[in-house]
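Engineer: The structure's right below; bear with me while I get my questions together.
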Amino acid sequence: MSTVFNKDEPRVFDVLAQVFRNEGVDTCFALLGDANMNWATRLAEAGCRMIYVRHEHCAAAAAMAYARKSGEVGVATVTCGPGLTQLMTALPAAVRARLPLVIFAGEAPLKSAWYNQGIDQKPFVEATGSAYHSLHAPVRMPAQIRDAFLQARRERRPVVVGVPFDLQNELWPGEIRMPAPSHELLPTLSPIPANPDDLARAAELIKNARRIIIMAGLGAVEAGAGQICRDLAEKCDGLLAATLPARGIFHDDPFSLNVAGGFSSTVAFECFGEADLVIAVGASLTHHNAAGGKLWPNAKVLQIDVEPVVVSQGRKAADHHMRADARLGVEALAARLPHRTPEWRTAELAERIRVTPADDHAFDIEPGVHDPREAVRQLEAALPADWEMVNSSGHCSYFFAHMPSRPQEKFLTIREFGAIGNGTSFALGVAAARPDSTVVMFDGDGSVLMHIQELETMKRHGLNILIVVFNDGAYGSEIHKMRADGLDDAGAVFGKPDFAAIARGFGVQGETVTDLAQLPELVEQFTKTGVTAVWDVPVSDKVVSPVIRRAHPGK
């Protein structure tokens, strides 16, 4: 017989829901099961907005995008056992992207000698680099949950709390007291200024350099260092670039090379090849950011960061370091340096940056499909400037990264784990964080199909999301690599699903873009109707991104 829970007799799950609300949680991505449904129901009744997804992975991945866009801790909940194991792709992605999450996961009941969904959950979670805490003493649970939020904020990684659901259902023992929320306990710290000796060495380095590129990462975005980086570049006759997650921080500067890394444009590769000094501001200097060491072969690297590194992802990352807040460090440098007479920052170079395509390699495009590069160019021209852009992963993500007119605050990409299948979840998270905005998510057909069920979630919650699918009927990266290596690509070619029909099957709008000239009309139509839509854009599988071409030269 089922138990009827009386709100006048609070249970442990009642109190734990209150603790999350006490932390300021107003959005939670959830998939319910036996071990979390009572807690989640009380959280919803307490006023928290619940986004009920159709797959556990999507709950965690949506919370990742929500955390990035909102600046708050992302919150999700799943049941125990198979509910938790579905998170094994999202968690390492969040760890590598340094995104703070708290995930409420049930655990198997302690009173049962056997439970079919019971596993030791801690090793699974910790293998991803996330933290896991089993909560087994009800009176300590409120403080333990508060501490989970503290840990997530401080360490910038996911923290999973597991609570056996038989303990959740027990009556609360005694008086209910809320702990002080984590945001009240975090220390208020001032930005770190540069050490005078470090500053002097960095200024001397810049004075002796001839070709300088200032490359901003998310640390520069968070510190509000965009304008001072522009000022420094102008002073030292330098150019500007951004890591992929920070793409768009210099979107309207004529000397911005857009993305620095494997996704760099032809002009950006040329300019980085000429550089003798790269100043990395708030950038973690990853393997992809440096194109595996190929991007700046002749340059020394000066890193300005609160946590400078020497080796990153198997390669020497920087030659010189200045530990400082991104904004304060660049401000101090700019104040010490004289204005140079422009030699590199010429009108001719600015014009080359403006008009030269990111990639102009010639391909034979078969009839009835589009060149993905031209499709991106026309999408950028047609889509309103204030829409939120979400770029997923996979082969097509190179093309979508080249929308240089879009500012960083309107752009999201999380691809540190290299996993496809996240785009729909990221769109959900951005839509929840920016409820008054239109979200457009760009992805490939293989990636979208992995979690196509979330179209129903978007429709049910009335989310204003447009999904643009570049449909080449295959896993793009795999077919190009296999073809380059002389292998049969049959295992990565699947045919082209009718995404417009699939969308209509879920009760949302669906369009097939047979002519790119349709785009302005389709944008106008979507703007009027809103809610959720899918555009199926058939693209050629003959267009190989420069990333693949560089990895397979001569093939």
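The values are calculated or read from the model by the stated rules, or taken from the named source; none is laboratory data. Nothing here was measured: the structure is a model prediction, and the numbers come from that model. Counting neighbours? That spans all protein chains shown, and the Cβs are built from the backbone with ideal geometry, glycine included. The accessibility values were calculated without ligands, DNA or RNA, using every heavy atom of the protein model including side chains. Shrake-Rupley method; radii C 1.70, N 1.55, O 1.52, S 1.80 Å.
Engineer: Given Leu333, Leu295, which one is at pLDDT 95 or above and over 25 Å from the mean Cα position of the chain (by Cα)?
Structural biologist: Checking each option against the conditions leaves just Leu333.
Engineer: Given Arg373, Arg415, which one is open to solvent by 10 Å² or more (accessible area, probe 1.4 Å), basic (Lys, Arg) and not in a helix (DSSP H, G or I)?
Structural biologist: Arg415
Engineer: Considering Asp488, Asp541, which residue is among the acidic types (Asp, Glu), assigned to a loop (DSSP other than H, G, I, E, B) and out of contact with any Gly (no Cβ under 9 Å at 6 or more places or on another chain)?
Structural biologist: Asp488
Engineer: What about Val430, is it in a helix (DSSP H, G or I), closer than 20 Å to Pro384 by Cβ and in contact (Cβ under 8 Å) with a residue 40 or more places away in the chain?
Structural biologist: yes
Engineer: Among the residues that make up region 263-271, is at least one of them of a type in the set (Phe, Trp, Tyr), in contact with a strand residue (DSSP E or B) (Cβ under 6 Å, 6 or more places away or on another chain) and either under 21 Å from Asp231 (Cα atoms) or open to solvent by 10 Å² or more (accessible area, probe 1.4 Å) (or both)?
Structural biologist: No - not one qualifying residue is present in region 263-271.
Engineer: For region 145-165, give me the residue count where each residue is closer than 24 Å to Thr188 by Cβ and either over 21 Å from the mean Cα position of the chain (by Cα) or open to solvent by 10 Å² or more (accessible area, probe 1.4 Å) (or both).
Structural biologist: 11
Engineer: Out of Ala246, Ala220, Ala233, Ala268, which single residue is farther than 22 Å from Glu380 by Cβ and out of contact with any Phe, Trp or Tyr (no Cβ under 7 Å at 6 or more places or on another chain)?
Structural biologist: Going through Ala246, Ala220, Ala233, Ala268 in turn, just one is farther than 22 Å from Glu380 by Cβ and out of contact with any Phe, Trp or Tyr (no Cβ under 7 Å at 6 or more places or on another chain): Ala220.
Engineer: Do we find that Lys410 is among the basic types (Lys, Arg) and within 21 Å of Ile249 (Cα to Cα) in this structure?
Structural biologist: Taking the combined requirement at face value, the residue satisfies it.
Engineer: How many residues are of a type in the set (Gly, Ala, Ser), open to solvent by 30 Å² or more (accessible area, probe 1.4 Å) and touching a His at 6+ places or on another chain (Cβ under 9 Å) when one looks only at region 291-336?
Structural biologist: 2
Engineer: I'd like to check something: does region 66-82 contain any residue that is more than 22 Å from Arg415 (Cα to Cα) and among the small types (Gly, Ala, Ser)?
Structural biologist: Yes; the residues of region 66-82 include at least one that is more than 22 Å from Arg415 (Cα to Cα) and among the small types (Gly, Ala, Ser).
Engineer: Would you confirm, using the coordinates I've provided, whether Thr79 is without any contact (Cβ under 8 Å) to a residue 12 or more places away in the chain and closer than 16 Å to Phe13 by Cα?
Structural biologist: Here the answer is no, as Thr79 does not meet what is asked.
Engineer: Same structure again: Quick check, is Gly462 small (Gly, Ala, Ser), over 17 Å from Gly423 (Cα atoms) and in contact (Cβ under 8 Å) with a residue 24 or more places away in the chain?
Structural biologist: yes
Engineer: Across region 521-538, what is the total count of residues that are surrounded by 15 or more Cβ atoms within 10 Å (Cβ to Cβ) and assigned to a helix (DSSP H, G or I)?
Structural biologist: The number of residues fulfilling the criteria is 3.
Engineer: Return the residues of region 465-481 that are over 22 Å from Arg377 (Cα atoms) and surrounded by 24 or more Cβ atoms within 10 Å (Cβ to Cβ); say none if nothing qualifies.
Structural biologist: His480
Engineer: Something else: Any residue in region 141-152 that is on the phi > 0 side of the Ramachandran plot and without any contact (Cβ under 8 Å) to a residue 60 or more places away in the chain sitting within a Cβ distance under 6 Å of a residue that is in a helix (DSSP H, G or I) and among the β-branched types (Val, Ile, Thr)? List the pairs, counting only those 6 or more apart or interchain.
Structural biologist: Matching pairs, first to second residue: none at all.
Engineer: While we're looking at this one, here's another question. Pick from region 337-348 the residues that are out of contact with any strand residue (DSSP E or B) (no Cβ under 8 Å at 6 or more places or on another chain) and either open to solvent by less than 20 Å² (accessible area, probe 1.4 Å) or of a type in the set (A, V, I, L, M, F, W, C) (or both): which of them is nearest to Gln303 (Cα to Cα)?
Structural biologist: In this case the residue turns out to be Leu337.
Engineer: If you don't mind, another one. Looking at Glu234, is it in contact with a Lys or Arg (Cβ under 6 Å, 6 or more places away or on another chain) and closer than 25 Å to Glu343 by Cα?
Structural biologist: no
Engineer: Do the conditions hold for Leu285, that is, is it touching a Phe, Trp or Tyr at 6+ places or on another chain (Cβ under 7 Å), part of a loop (DSSP other than H, G, I, E, B), buried (at least 23 other Cβ atoms within 10 Å of the Cβ) and not hydroxyl-bearing (Ser, Thr, Tyr)?
Structural biologist: no
Engineer: Anything in region 133-142 that is surrounded by fewer than 15 Cβ atoms within 10 Å (Cβ to Cβ), in a helix (DSSP H, G or I) and in contact with a Pro (Cβ under 9 Å, 6 or more places away or on another chain)? List them, or say none.
Structural biologist: Across region 133-142, the qualifying residue is only Val139.
Engineer: State whether one or more residues within region 109-132 are at negative phi, out of contact with any Lys or Arg (no Cβ under 9 Å at 6 or more places or on another chain), in a loop (DSSP other than H, G, I, E, B) and crowded, with 24+ Cβ neighbours inside 10 Å.
Structural biologist: no
Engineer: Among the residues of region 504-534, count how many are among the charged types (D, E, K, R) and within 20 Å of Ser437 (Cβ to Cβ).
Structural biologist: 2
Engineer: Restricting attention to region 376-408, and to residues there that are part of a helix (DSSP H, G or I) and closer than 14 Å to Leu244 by Cβ, which single residue is farthest from the chain's Cα centre (by Cα)?
Structural biologist: The extreme case among them is Phe399.
Engineer: Given the conditions (1) closer than 30 Å to Lys542 by Cα; (2) modelled with pLDDT of 95 or more, and given that His287 satisfies all but one, which numbered condition is not satisfied?
Structural biologist: Just one mismatch for His287, condition (2).
Engineer: List the residue pairs whose Cβ atoms are under 7 Å apart, where the first residue sits in region 484-510 and is more than 20 Å from Val537 (Cβ to Cβ), the second is assigned to a loop (DSSP other than H, G, I, E, B) and open to solvent by 30 Å² or more (accessible area, probe 1.4 Å), and the two are 6 or more positions apart or on different chains.
Structural biologist: Qualifying pairs under 7 Å: Ala484/His552; Ala484/Lys555.
Engineer: List the pairs whose first member sits in region 531-555 and is farther than 14 Å from Gly444 by Cβ, whose second member is in a strand (DSSP E or B) and open to solvent by less than 30 Å² (accessible area, probe 1.4 Å), and whose Cβ atoms are under 9 Å apart, counting only residues at least 6 apart or on separate chains?
Structural biologist: From region 531-555, the pairs are Val531/Ile465; Thr532/Ile465; Thr532/Leu466; Thr532/Ile467; Ala533/Ile465; Ala533/Leu466; Ala533/Ile467; Ala533/Gly510.
Engineer: It is to be established whether one or more residues within region 86-99 are open to solvent by 40 Å² or more (accessible area, probe 1.4 Å), at pLDDT 95 or above and among the charged types (D, E, K, R).
Structural biologist: yes
Engineer: Continuing with this model, one more query. Identify the single condition in (1) closer than 16 Å to Gly423 by Cα; (2) open to solvent by less than 10 Å² (accessible area, probe 1.4 Å); (3) not basic (Lys, Arg) that Trp39 does not satisfy, given that it satisfies every other one.
Structural biologist: The one condition Trp39 does not meet is (1).
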